[in-house]
Amino acid sequence: MIKAGIIGATGYAGGELVRLLLQHKEVEIKWYGSRSYIDQKYASVYGNMFQLVEDTCLDDNMEELAKQVDVIFTATPQGFCASVINDSILSQTKIIDLSADFRIKDVSVYEKWYGITHKAPQYIKEAVYGLCEINREKTKGARLVANPGCYTTCSILTAYPLVKEGLIDPQTLIIDAKSGTSGAGRGAKVNNLYCEVNENIKAYGVATHRHTPEIEEQLGYAAGKEILVNFTPHLVPMNRGILVTEYATLTKKADGSLPTYEEIKAVYDKYYADEYFVRVLEKNVCPETKWVEGSNFVDVNFKIDERTGRIIMMGALDNIVKGAAGQAIQNMNLMFGLDEKEGLELVPMFP
């Protein structure tokens with residue numbers, strides 16, 4: 001059995017890690033870390049765990065935790081993992097960090113967008129960006145994985161095949177993204193109160209959202225050059241889900257014509273036909289968050305706009321599963337040589 005510890009176990013992503021790992025036949029959770037609920041029974045925080053989890057919450061002592069487990073999940077705010085990680089910890093256990101501490105390779109870009117000093121830049125180069133569909137082989141040998149976030153996972157996977165194959169001009173890419181309120185975390189904030197969110201939709205972080213450089217960096221690798229994108233997130237009154245709609249100018253063929261539906265579809269199938277968790281939908285079917293809720297699936301599709309010479313790409317996922325905990329477990333499975341789908345063959349919930 002793989003012994004796992006979770007720091008930040010009482011946040012939304014941490015709670016989802018617990019829910020999924022309890023159903024994983026190869027894992028035993030040894031440490032429910034939560035600075036806010038030390039010595040309280042975990043099931044008193046999450047009532048759905050009554051008679052399922054008898055443990056009490058522990059602190060966030062990574063040094064002690066590393067001695068007891070094979071893998072540590074840090075579902076913590078930016079800055080925590082980088083502030084405590086060291087050679088001793090990494091020599092004893094593997095770490096899957098759900099924050100952004102090790103996602104961006106340029107430390108100056110991280111510090112600019114996140115507004116904090118990076119405490120462990122020496123590990124940035126080693127950390128593997130844990131988007132399994134793109135970095136699967138690198139993940140298998142990693143001891144430190146930077147687990148991508150929900151907006152970035154959906155945005156990158158939706159456009160990746162076309163960027164990689166040069167079928168769109170990535171400099172024209174515009175990403176319009178919408179998230180359920182769980183993406184903002186479990187902490188009490190006025191902007192996330194029921195009366196603030198219900199019957200409302202709003203953009204935020206316009207031209208300044210900190211996931212922008214992460215999307216640019218990863219799609220830049222696919223394009224083979226630095227790119228700039230417009231990324232605008234919105235908050236919508238639902239619990240779970242990410243929906244992205246992305247727009248870009250198509251690259252014309254040698255004869256001046258646009259790629260056909262069949263040609264674009266063939267490119268998506270080239271990259272995703274063998275990817276269990278990425279579902280390329282049938283023609284004219286738009287992704288919807290309700291059809292991926294509670295699962296590790298990403299649904300993607302596209303529509304060619306011949307009138308403007310652009311393409312509209314669409315993607316949907318559950319922000320707490322594929323956008324956080326599910327992806328972290330997918331990474332863990334790869335790191336320990338397990339079936340990538342183990343513990344994650346979740347049928348989407350409806351209604």
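Summary table below
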read-out: Magnitude of the charge dipole, the stretch 155-265, Cβ model with Lys/Arg +1 and Asp/Glu -1, debye to 20; value: 360
read-out: Cα centroid of the stretch 26-99 to Cα centroid of the stretch 266-313, whole Å; value: 35
read-out: The stretch 218-325: chymotrypsin sites (Phe, Trp or Tyr not before Pro) falling in loop per DSSP and having at most 16 other Cβ within 10 Å; value: Tyr276
read-out: Exposure proxy ranking, count of Cβ atoms within 10 Å, fewest first, for Met62, Met1; value: Met1, Met62
read-out: Inter-label distance, nm, simple model (7 Å from Cα along the C-beta direction), Gln92/Thr249; value: 5.6
read-out: Net charge of neighbours whose Cβ lies under 13 Å from the Cβ of Gly47, counting Lys and Arg as +1 and Asp and Glu as -1; value: +2
read-out: Over the stretch 4-78, relative contact order from alpha-carbon pairs under 8 Å, at least 6 apart, %; value: 40
read-out: Inter-label distance, nm, simple model (7 Å from Cα along the C-beta direction), Thr117/Val206; value: 3.5
read-out: Environment charge of Tyr221, counting only residues whose C-beta is closer than 11 Å and scoring Lys/Arg +1, Asp/Glu -1; value: 0
read-out: The stretch 1-129 - percent relative contact order, Cα under 8 Å, separation 6 or more; value: 22
read-out: Shape call, the chain: gyration tensor on alpha carbons, a/c limit 1.5; value: prolate
read-out: Longest segment of the chain lacking GluC sites (Glu not before Pro) that sit in a DSSP loop with at most 13 other Cβ atoms within 10 Å; value: 127-198
read-out: Residue order, fewest to most beta carbons within 10 Å, for Leu317, Leu228, Leu338; value: Leu228, Leu338, Leu317
read-out: Among Met314, Met335, Met238, residue whose mean-square fluctuation peaks in a GNM of the chain (springs only between Cα atoms under 10 Å); value: Met238
read-out: Estimated 222 nm signal from helices in the chain, with DSSP H stretches of n ≥ 4 weighted -39500 (n - 2.57), rounded to 500; value: -8000 deg cm²/dmol
read-out: Unit charges on C-beta of K, R, D, E only; dipole of the chain, Debye; value: 340
read-out: Which of Phe102, His211, Val190, positive extreme of dipole for the stretch 77-213 (C-beta unit charges); value: Phe102
read-out: Under 12 Å, Cβ to Cβ, from Ala82 - net charge with Lys/Arg +1 and Asp/Glu -1; value: -1
read-out: Within a Gaussian network of the chain (alpha carbon springs, distance under 10 Å), most fluctuating of Ile227, Ile201, Ile175; value: Ile201
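Coordinate-derived values only; no laboratory data. In this text the structure is predicted, and so the values were computed from the model without any measurement. Don't worry about glycine lacking a Cβ; one is built from the backbone with ideal geometry, like all the others, and counts go over all protein chains shown.
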